[in-house]
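*Asks:* This structure is in structure tokens; I'll ask about it shortly.
Nothing in this text is a laboratory measurement; each read-out follows from the coordinates by a stated rule. Computed from a predicted model, the values in this text were never measured in an experiment. So basically every Cβ, Gly included, is an ideal-geometry build from the backbone, and we count neighbours across all protein chains shown.
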Amino acid sequence: MGRYVQAVDHFELVIERNQQAGLQPTLALVSGDYAEILLERNASGDSEKAAELHDESLEIARELGMKSLVERLSALRERRAEVPAT
């Protein structure tokens, strides 16, 4: 919907709370979603932050055996390579 400021604020809060609570499956899902939003927005620094979130999400998903998320994140990696940094 193009409300990136609100989305980023929301994702940051949700990630922080899931890290504090140790909720790894939710953290993996939210980090992957956040990475997608950042790639869509493509503002300065978004590509780097998206890469960091993506890698973290993929690591957790692999450790927990979250096969469908690993597949989705692999597709995101391909998309990430196609997005020029701004």
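*Asks:* So which residues in the stretch 32-68 are hydrophobic (A, V, I, L, M, F, W, C) and within 11 Å of the chain's Cα centre (by Cα)?
*Replies:* If the condition is that a residue be hydrophobic (A, V, I, L, M, F, W, C) and within 11 Å of the chain's Cα centre (by Cα), then Ala35, Ile37, Leu38, Leu39, Ala50, Ala51, Leu53, Leu58 are the ones that fit.
*Asks:* So, one more: Among the residues of the stretch 1-15, is there at least one that is out of contact with any Gly (no Cβ under 7 Å at 6 or more places or on another chain) and of a type in the set (S, T, N, Q)?
*Replies:* Scanning the stretch 1-15, I find at least one residue that is out of contact with any Gly (no Cβ under 7 Å at 6 or more places or on another chain) and of a type in the set (S, T, N, Q), so the answer is yes.
*Asks:* Does the stretch 20-55 hold any residues that are surrounded by 13 or more Cβ atoms within 10 Å (Cβ to Cβ) and farther than 17 Å from Arg79 by Cα, and which are they?
*Replies:* Matches in the stretch 20-55: Leu23, Gln24, Pro25, Thr26, Leu27, Ala28, Leu29, Val30.
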